[in-house]
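To start, the structure itself, in C-alpha cells.
No lab work stands behind these numbers, since they all come straight from the coordinates. Fair warning: this is a prediction, and the values are worked out from it, not measured in the lab. Using ideal geometry, Cβ is built from the backbone for each residue, glycine included, and neighbour counts are taken over all protein chains shown.
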Amino acid sequence: MVKRTIEGMIEAGEPLIQEAIAALRRYHEAQAAGEPPAQVERLRLIAESAYQAVTDYQLYALGHQPLTRH
C-alpha cells in the first residue's frame, strides 16, 4: 500500500522529479552554449513536458482525477 503523505508522494515521484530537473538543466546548458534556436526550443518543450508530468503525478497521488487532454 502506498502512503498518501507528502513524503510518500515525493519518494514515489522522485524519478520524475530528477528527470524534470535534468531536462531543465539540459535546456539551460543549451541556452548558455548558444545552441541553435530550434534545439533550445526543443529542449524547452521537453523540460516543460517533464515538469507537467510531475504535476500530473502529484495531482493523481493526491486523489484528483487526471486531467483530460484533447
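Could you work out how much longer the chain between residue 31 and residue 14 gets when fully extended? Use 0.36 nm per residue separation minus the Cα distance between them, nm to one decimal.
Between residue 31 and residue 14, full extension yields an extra 3.5 nm.
For residue 51, what is the net charge nearby, where nearby means another residue's Cβ is under 12 Å from its Cβ and Lys, Arg count +1, Asp, Glu -1?
Details: positive: 44; negative: 19, 48, 56.
So the surrounding residues net to -2.
Go through the stretch 53-58 residue by residue and turn each phi into a ³J(HN,Hα) via Karplus (6.51, -1.76, 1.60, θ = phi - 60°); whole Hz please, and just put x for glycine and proline.
Running phi through 6.51 cos²θ - 1.76 cosθ + 1.60 with θ = phi - 60° gives 4, 5, 4, 4, 4, 4 Hz.
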